[in-house]
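Right, one structure below, let's go through it.
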Amino acid sequence: LKLKSEWYFEYQDGSVKGPFYNSFSPAGLAKIAEGIKSFSSPYLVVGDDTSPGFVITEVFRKPVSVVTRDDNVVRFRTQLLTGECNGDHQKTCIYVEAADSPGTGVMLNMLRQLWSKTSQMILAVECRITVEGVS
């Protein structure tokens, strides 16, 4: 996540000064993280395809179990039980404003990483988003 803030000053004669860049305060960054935490209806979405771009052929979807925030870190944590999401998977996403139906919601992020789960395991999947300014 990259945050950039630009300032411009436009004068009466039409001249513009800028862009000028500033920093985010720790309280401001925490407020942005709080906004991410408050996204409605987050879901864990898993796919097995290798298509490029931000597309996914869904094979599994489940509401995120818990969303927490500690200062600038937001955690989306989902518990996968023994009968859920077994197999090898290529893509893992967090969707927000989603529902149980495939294709619903807005993709927040996507991980392209092969991982596996068997019916013999319970697995906790956690996505951490850290909000920090860049210089």
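At a glance:
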quantity	calculated
Residue that is least open to solvent (accessible area, probe 1.4 Å) [pool: residues in segment 90-130 that are polar (S, T, N, Q) and in a strand (DSSP E or B)]	Thr92
Neighbours by Cβ (under 6 Å, 6+ apart or cross-chain): first from segment 1-13, touching a residue at least 40 places away in the same chain (Cβ under 8 Å); second open to solvent by less than 100 Å² (accessible area, probe 1.4 Å) and not aromatic (Phe, Trp, Tyr)	Leu1/Val131; Lys2/Val134; Leu3/Gly133
Identity of the residue in segment 19-50, in a loop (DSSP other than H, G, I, E, B), modelled with pLDDT under 95 and small (Gly, Ala, Ser), that ends up surrounded by the most Cβ atoms within 10 Å (Cβ to Cβ)	Ser23
Every residue from segment 76-117 that is hydroxyl-bearing (Ser, Thr, Tyr) and over 24 Å from Ser51 (Cα atoms)	Thr78, Thr82
Filtered residue count, segment 55-66, keeping only those that are open to solvent by 30 Å² or more (accessible area, probe 1.4 Å) and either of a type in the set (Lys, Arg) or within 14 Å of Cys127 (Cβ to Cβ) (or both)	5
Contacts under 7 angstrom Cβ, first residue in segment 85-105 being closer than 16 Å to Ser65 by Cβ, partner hydroxyl-bearing (Ser, Thr, Tyr) and surrounded by fewer than 16 Cβ atoms within 10 Å (Cβ to Cβ), 6 or more apart	Val96/Ser40; Val96/Ser41; Ala98/Ser41; Ala98/Thr104
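For every residue, the table says whether it meets (1) among the basic types (Lys, Arg); (2) more than 17 Å from Gln113 (Cα to Cα); (3) in contact with a Ser or Thr (Cβ under 6 Å, 6 or more places away or on another chain).
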{"position": "Ala27", "(1), (2), (3)": "no, yes, no"}
{"position": "Glu34", "(1), (2), (3)": "no, yes, no"}
{"position": "Ser38", "(1), (2), (3)": "no, yes, no"}
{"position": "Pro42", "(1), (2), (3)": "no, yes, no"}
{"position": "Gly47", "(1), (2), (3)": "no, no, yes"}
{"position": "Thr50", "(1), (2), (3)": "no, no, no"}
{"position": "Phe54", "(1), (2), (3)": "no, no, no"}
{"position": "Pro63", "(1), (2), (3)": "no, yes, no"}
{"position": "Thr68", "(1), (2), (3)": "no, yes, no"}
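The values are calculated or read from the model by the stated rules, or taken from the named source; none is laboratory data. Computed from a predicted structure; not experimentally measured. Neighbour counts run over all protein chains shown; Cβ positions are idealised from the backbone, glycine included. Remember, those area values only see protein heavy atoms, side chains included, never the ligands or the DNA or RNA. Shrake-Rupley method; radii C 1.70, N 1.55, O 1.52, S 1.80 Å.
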